[in-house]
Amino acid sequence: MWIGCPKTALHFTNSLAKLDADVTNSPYLSPLRHEEARQQAVASINDTTSQQLRSKGFEAAIMNLSANLPLPSFFYQNSPYRIYYDELLRKHTQFNNSYIYAFTWEDARVDQRLLKLISEDVVLTITSGGDNLLSYIIDASPKRVHTVDMNPAQNHLLELKLACFSAPLSYDDIWQLFGEGRHPQFRELLITKLSPHLSSRAFQFWVVHTDVFKRGGGLYETGQSGIALRATKWLFRIFGISSHVKRMCAATTLNQQKEIWREKVRPVMLSWWVSAAIIGNERFLWKALGVPANQRNLILADYYERERDGSSGNAMWDYVVNTLDPVVETSLLGSDNYFYLLCLLRHYTKQSHPSYLSPDNYKKLTTPGVFSGVRIHTDEINEVLARLEPGTLTVAVCNTTFLSDEY
């Protein structure tokens, strides 16, 4: 019995060129003659003056073919989501095979309100936890979404979410995995249902990390962001306010929520020693909250400009106070602000969760081909932009200060 993928079909340059065009959004013309097209492709790669856009996967494939080696594993995927990357590069290995964020902080509802995405848009976005990409598809079904993250594990998490809807798993299974963050049968689901819809590297990652959905607090206590969530859990337990936090998250009015916050929770979360030991700790800011040094420096500069004195710890504490107080005063955690609700409870609720976990959106996300326009890039933003056909993008949603006008 032979089990595998017929590599001869993918060795034709027209197949490679199509995959190449799917990544770069460049025009694709199927070559009539294989050998002639192959020679032209090799010449194009070797011509340093050539302005033709190529994906890194196409270049790697040409090198392998020239050396009579099999194509990289990405060319044998059942779906074209994940784009080729070299997993051995330092820029990828620096994350130690772990994601930072198990969830997404940015509010996709605000994105849609401001950007008004439509089906003809081609979007560039940061992967993070992958939640916003799913929201864009629910709201607008853009023609193409290029999602970018230099951390391979962040993209493994997104792949897992896409696989769950592509398989598809039942709504109850998906809710257990990403609503509650726990599922006792995750390994069985991974092997029997999800594996055909994952790239080989994503599958290998989750085989090694099947305990993520079984141990302790589940998914949302893992990754570097999980450090912060575990810290708050123990903080609540030590000071005996866990029940008050749950009551605050279940409050049905802002007045109830504000009362519990002011009298029970705020005195602990915003105490001076929490500020000194945790909030002002640079290592904690990066490792647990994912706040890069440049972003921290912006917070410090803003504080010093306003106050003219004080320590960096005071600056971060001031920032946290000015963030948390308005959150509790203006948004209801139990039905609207699922971001902070997750941080407090370490799971979502049926009343407060991202849109992709809504039963009403399950049917759309499990429709065959709904993710056909998704491209997952494991790279820097500038590297992705350099390989896209100019004029391709219509919307960019990312934490960067500059995007070239030609894209």
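What to note about this one:
- Against the criterion of being under 17 Å from GLU106 (Cβ atoms) and modelled with pLDDT under 95, GLY217 does not qualify.
- Residue list for region 227-271, filter: part of a loop (DSSP other than H, G, I, E, B) and either under 28 Å from the mean Cα position of the chain (by Cα) or within 22 Å of SER335 (Cα to Cα) (or both): ILE241, ALA251, THR252, THR253
- When region 220-251 is filtered for residues that are modelled with pLDDT of 95 or more and among the basic types (Lys, Arg), the ones remaining, listed by number, are LYS246, ARG247.
- Per the conditions (1) in contact with a Leu (Cβ under 9 Å, 6 or more places away or on another chain); (2) over 24 Å from ASN96 (Cα atoms); (3) surrounded by fewer than 21 Cβ atoms within 10 Å (Cβ to Cβ), the sole criterion not satisfied by PHE165 is (3).
- Some residue of region 237-244 being surrounded by 18 or more Cβ atoms within 10 Å (Cβ to Cβ) and farther than 20 Å from HIS347 by Cα: no
- Meets criteria (farther than 15 Å from ALA396 by Cα, in contact (Cβ under 8 Å) with a residue 24 or more places away in the chain, buried (at least 16 other Cβ atoms within 10 Å of the Cβ) and of a type in the set (A, V, I, L, M, F, W, C)) for ALA102: yes
- Taken together, VAL207, VAL245, VAL268 contain a single residue that is within 30 Å of VAL370 (Cα to Cα), out of contact with any strand residue (DSSP E or B) (no Cβ under 8 Å at 6 or more places or on another chain) and touching a residue at least 12 places away in the same chain (Cβ under 8 Å), which is VAL207.
- Scanning region 193-226 for residues that are assigned to a helix (DSSP H, G or I), surrounded by fewer than 17 Cβ atoms within 10 Å (Cβ to Cβ) and either among the aliphatic types (A, V, I, L, M) or on the phi > 0 side of the Ramachandran plot (or both) gives VAL207, VAL208.
- Residues satisfying the stated conditions in region 75-99, i.e. without any contact (Cβ under 8 Å) to a residue 60 or more places away in the chain, surrounded by fewer than 16 Cβ atoms within 10 Å (Cβ to Cβ) and in a loop (DSSP other than H, G, I, E, B): ASP86, LEU88, LEU89, GLN94, ASN96
The values are calculated or read from the model by the stated rules, or taken from the named source; none is laboratory data. Everything numeric in this text was worked out from a predicted model, so none of it was measured. Every residue, glycine among them, receives a Cβ derived from its backbone with ideal geometry; neighbour counts consider all protein chains shown.
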